[in-house]
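Asker: Pasting a structure here, questions to come.
Readers should treat all values here as calculations from the given coordinates under stated rules, not as data from a laboratory. Treat the numbers as computed from the prediction; the structure is a model and nothing was measured. Cβ: placed from backbone, ideal geometry, glycine included. Neighbour counts: every protein chain shown.
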Amino acid sequence: MVDLLNKWISNWHVGLQIAMFVVGLALGVFCLVKFCDMFVDSSSAIAKKLKISPLIIGLTIVAMGTSLPELAVSVSDSISNIGGGNSNVAIGNVVGSNICNILLVLGFSLVFTPIVVKKSVCKREMPILLGVTAITAIFVCLFGLGSVTGNFAITRWEGIILVVLIFVYIGYLVFMAKRHPEELDEADDVKDMPWWKAILFVLLGAAGIILGGQFVVFGAKGLALQGADALNVDHDLAESLVGLTIVAVGTSLPELVTSTIAAKKGQNELALGNVIGSNIFNSLFVLGISSTVNPLTTGSQVLVDVFVMLGVTAMLFVFSLSGKLRKAHGWVLLGCYLVYLTYLIVRTLI
């Protein structure tokens, strides 16, 4: 009787922990999405009041805004591993988000409407995205800590290089926008709000994003470890699975919503530009800041994931060369995402 009671208490305790992790993860994703919008809107309003050009607002605050959820999660995971441990959620979040943006977000958008790809996109934006993705893959695979710890990593000096590159990229965007103003939609729909409200919302938005990142890391790592123990699988693989799937999809919600709405409205170029810009900012801005705070280490499974990220980026580039992304391409992208998701589950369980 005592043994049965102890077993019941133990199961109840585990169930309560799982419920806490699920609530923490859901609450974290909700906070990231809602407070991200609040932060971007209020920051843009302040920039407008300071007479900062809508061009600069669009290319900096708004462009970085959709990457704030990934930044909050990756930096939180980076900080939590300062004393030791792998940052599987931090790296998996960025790599998974980039894969998700191309295969799931763009694939879903293409199901609604085809996208005409401008020649300038194939000549400029696509090669930049492919180059940035290749740099990320090289940094993870070649210059990590594999020879010392058996792990792969993005080191602090690599992070600094990525941060420098994001400022170079923003400078390039500003230069090209001024050189080709006809290609720019300056988006004069920046919300106007009183100073006190804008400042308050900036502070609340920043606090909410930070809190959301903490909740997501708490819930994601907790679920991964509980699942790993229950199924007797490797902790690193379990954390990587959660980071590449649940967390990646959760932090990609702003991109998914923006691209889907744009596709429904027929603003198909915005859907493609959103994905390209988000992936570039994720690789340079999010990984750069996170690894500068603390080197991001992970297991050898990351090799497959970064090459999948590089492969789907190259596939998107090839699809774009035809000048039009069709509905058939969307179904191919969605099919590839299902195959990759199946691989991740099999890799973790076997």
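Asker: Report the gain in length on full extension from PHE307 to ILE128: 0.36 nm times residue separation, minus Cα-Cα distance, nm rounded to one decimal.
Answerer: On the way: separation 179, 0.36 × 179 = 64.44 nm, distance 1.70 nm.
Gain on extension, PHE307 to ILE128, equals 62.7 nm.
Asker: Loop-only trypsin sites (Lys or Arg not before Pro) in the range 267-350, please: DSSP not H, G, I, E or B, and at most 14 other Cβ atoms within 10 Å. All intermediate terms of the calculation are to be shown ahead of the outcome.
Answerer: Numbers: sites: LYS324, ARG326, LYS327, ARG347; in loops: ARG326.
Those that pass, being in a loop and sparsely packed, are ARG326.
Asker: Does a label point 7 Å from the Cα of VAL346, set along Cα-to-beta-carbon, have any residues of the range 289-332 with amide nitrogen under 16 Å, and which are they?
Answerer: 304-305, 308
Asker: At 0.36 nm per residue, minus the direct Cα-Cα distance, what do VAL116 and LEU16 gain on full extension? Give it in nm, one decimal, please. Intermediate results must be reported in sequence, preceding the final value.
Answerer: On the way: separation 100, 0.36 × 100 = 36.00 nm, distance 5.00 nm.
Gain on extension, VAL116 to LEU16, equals 31.0 nm.
Asker: I need the calculated FRET efficiency for the pair VAL23 and ARG326, taking r as the beta carbon distance and R₀ as 30 Å, to the nearest 0.05. Intermediate results must be reported in sequence, preceding the final value.
Answerer: Values: r = 41 Å, r/R0 = 1.37.
Here the calculated transfer efficiency is 0.15.
Asker: Continuing with the same structure: May I ask you to derive the FRET efficiency for VAL174 and ALA314 from their Cβ-Cβ distance with R0 = 35 Å, giving the value to the nearest 0.05?
Answerer: On the way: r = 28 Å, r/R0 = 0.79.
Once the sixth-power term is evaluated, E becomes 0.80.
Asker: Beyond a 18 Å Cα-Cα separation, which of these cross-linked pairs lie in this structure: LYS34/LYS221; LYS49/LYS191; LYS123/LYS324; LYS123/LYS327? Could the numbers behind the result be given before it?
Answerer: Numbers: LYS34/LYS221 22 Å; LYS49/LYS191 11 Å; LYS123/LYS324 14 Å; LYS123/LYS327 23 Å.
From the list (LYS34/LYS221; LYS49/LYS191; LYS123/LYS324; LYS123/LYS327), the Cα-Cα distance tops 18 Å for LYS34/LYS221; LYS123/LYS327.
Asker: Within the range 71-130, report the trypsin sites (Lys or Arg not before Pro) that DSSP leaves as loop and that have at most 16 other Cβ atoms within 10 Å. Spell out each step's value before the answer.
Answerer: Working: sites: LYS118, LYS119, LYS123, ARG124; in loops: LYS118.
Here the sparse-neighbourhood loop sites are LYS118.
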